[in-house]
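The values are calculated or read from the model by the stated rules, or taken from the named source; none is laboratory data. As the structure is a prediction and not an experimental result, all values here were calculated from the model. Every residue, glycine as well, gets a Cβ built from its backbone with ideal geometry; the counts of neighbours run over all protein chains shown. What goes into the accessible areas is simple: the full protein's heavy atoms, side chains included, and nothing from ligands, DNA or RNA. Shrake-Rupley method; radii C 1.70, N 1.55, O 1.52, S 1.80 Å.
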Amino acid sequence: MLTAAPDAPRDAANVQVTGTATIKSREGKEEALVRTATPNQEIYMPGGGRGRFDLKLQSVAVTEPSDILKIEVSPAMVSLKPGQEVRLDVTVHRRADYDKSISMDILLQHLGGVHGNPLPPGVTVVEGKSKTLLGTASKGHIILKAASNAAPIDNVPISVLVHVSINFVVKVSYSSLPILVCVQK
């Protein structure tokens, strides 16, 4: 997640996102892994079709305050047992003059497709119990549930996304700080 201090100068830059990790090889030796992210762009085709293609350049910018200033989620760490549900309470801080409709989610979904799911295997959002269509309100909640056969896992980072619609097909998404999800035995 990229953030800027409120008094940061307005600017833009091209960036490359690279991840690194140290693992043990099959022989027991430590080995460094390095992976560079490939940005992806969606394009709208004549006749209503959509396509995606890889980009060679990605940019970030520090701008004037946006529609959504901050997303607070409580608790910041959750631990589920198989079969258990947990509630994430969400408060959205809007720019003072922004009163348009917003929605929120954990999955990165758009026009019927899921483009990213950060939840651990066996953990899902319980749609019928979650309040994710906020309209002009600023408080909602998301219910997570671990399946009865969910395998144990520690500290999987997820975030709550808040979406502002620009038009029927374009939206801007904002992210909370990471929330750590654990599944116990």
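Some notes on this structure:
- Filtered residues of region 37-53 (kept if under 23 Å from Gln16 (Cα atoms) and either touching a Pro at 6+ places or on another chain (Cβ under 7 Å) or of a type in the set (A, V, I, L, M, F, W, C) (or both)): Ala37, Ile43, Phe53
- Checked against (1) within 11 Å of Ala146 (Cα to Cα); (2) in contact (Cβ under 8 Å) with a residue 24 or more places away in the chain, Val125 passes all but condition (2).
- Scanning region 62-71 for residues that are open to solvent by less than 70 Å² (accessible area, probe 1.4 Å) and part of a loop (DSSP other than H, G, I, E, B) turns up Ser66, Asp67.
- Hits in region 156-169 - residues which are open to solvent by 60 Å² or more (accessible area, probe 1.4 Å) and modelled with pLDDT under 95: Ser165, Ile166, Asn167, Phe168
- Each residue in region 100-111 was checked for being surrounded by 14 or more Cβ atoms within 10 Å (Cβ to Cβ), in a loop (DSSP other than H, G, I, E, B) and either modelled with pLDDT under 95 or not hydrophobic (A, V, I, L, M, F, W, C) (or both), and 1 pass.
- Residues located in region 77-99, provided they are of a type in the set (S, T, N, Q) and either touching a Ser or Thr at 6+ places or on another chain (Cβ under 9 Å) or open to solvent by less than 70 Å² (accessible area, probe 1.4 Å) (or both): Ser79, Thr91
- Filtering Ser74, Ser59 for residues that are on the phi < 0 side of the Ramachandran plot, in contact with an Asp or Glu (Cβ under 6 Å, 6 or more places away or on another chain) and open to solvent by less than 100 Å² (accessible area, probe 1.4 Å) leaves a single hit, Ser74.
- Selection from region 115-149 of residues that are among the small types (Gly, Ala, Ser), modelled with pLDDT of 95 or more and either in a loop (DSSP other than H, G, I, E, B) or surrounded by fewer than 11 Cβ atoms within 10 Å (Cβ to Cβ) (or both): Gly122, Ala147, Ser148
- For Thr91, the test of being touching a residue at least 12 places away in the same chain (Cβ under 8 Å) and more than 14 Å from Glu72 (Cα to Cα) is failed.
- The strands (runs of 3 or more DSSP E) found entirely in region 1-61 that carry 3 or more residues being farther than 23 Å from Leu108 by Cβ are 11-15, 18-24, 30-36.
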